[in-house]
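A short reminder: the numbers here are calculations on the coordinates, not readings from a lab. Source: prediction; values computed, not measured. Cβ: placed from backbone, ideal geometry, glycine included. Neighbour counts: every protein chain shown.
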Amino acid sequence: MPEGKPERPELDPDDSRTTLQENVRNALLALPGDFNFEHSVSGIAAVDLFNLNTLMGAGIEAEVVRTLNTLRKVWDPEDEWSGYSFERSSQAFPEVRLVTQADGAENIGIGIEFLLAKEGEPSLRYQVSPAACAPP
């Protein structure tokens, strides 16, 4: 297991995805103001919510996609990513992707992976690698 505190990787300031990543991060911070999870859950103790992980995770991911697409002016203020939109792909990594279809191929601009767990501390079952999310 890796030792020490994880460090945020240095991103290339000349890569257009660096600005996109920063803008998407800002949009994610704005999500609570626009988030609309229409399904209520009641009668379940907080410690048992993990039993609903798949259902709630799918709902959260779908709402994140909807909300991010409505917050386009936050993450794409210069309209550099026109033709791209966020989509949820539950059977793929990452789960939420900014994609466009061009020449019959799917092009991914950026991806978001959610880690929802009940542990108070991460179990480090997954090791984060920039190579899994972007070309080297």
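Starting from the Cα gyration tensor of the stretch 59-100, take the square roots of the eigenvalues, sort them a ≥ b ≥ c, and report rounded, prolate or oblate (rounded when a/c is under 1.5, otherwise prolate if a/b is larger than b/c, else oblate).
oblate
Check which residues have an amide H placed less than 5 Å from I110's amide H, if you skip close sequence neighbours.
Long-range HN contacts for I110: L98.
If each residue's Cβ is checked for other Cβ atoms within 10 Å, how do S89, S42 rank with the fewest at the top?
Sorted ascending by nearby Cβ count, the order is S42, S89.
Please identify every one of the GluC sites (Glu not before Pro) in the stretch 41-110 that sits in a loop by DSSP and has no more than 10 other beta carbons within 10 Å of its own beta carbon.
Sites meeting the loop and neighbour criteria: E78.
Given 0.36 nm per residue, what is the gain on full extension from T70 to L11 after removing their alpha carbon distance, in nm?
Answer, rounded to one decimal: 18.6 nm.
Full-extension gain between L55 and T18, please, as 0.36 nm times their residue separation minus the C-alpha to C-alpha distance.
Gain on stretching L55 to T18: 10.1 nm.
Just grab the label-to-label distance for D79 and N36, each label 7 Å out from Cα along the Cβ direction, in nm (one decimal).
Placing both labels 7 Å beyond Cα along the Cβ direction yields 2.5 nm.
Can you give the FRET efficiency to the nearest 0.05 for D103 and A45, using r as the Cβ-Cβ distance and R₀ = 41 Å?
It comes to 0.20.
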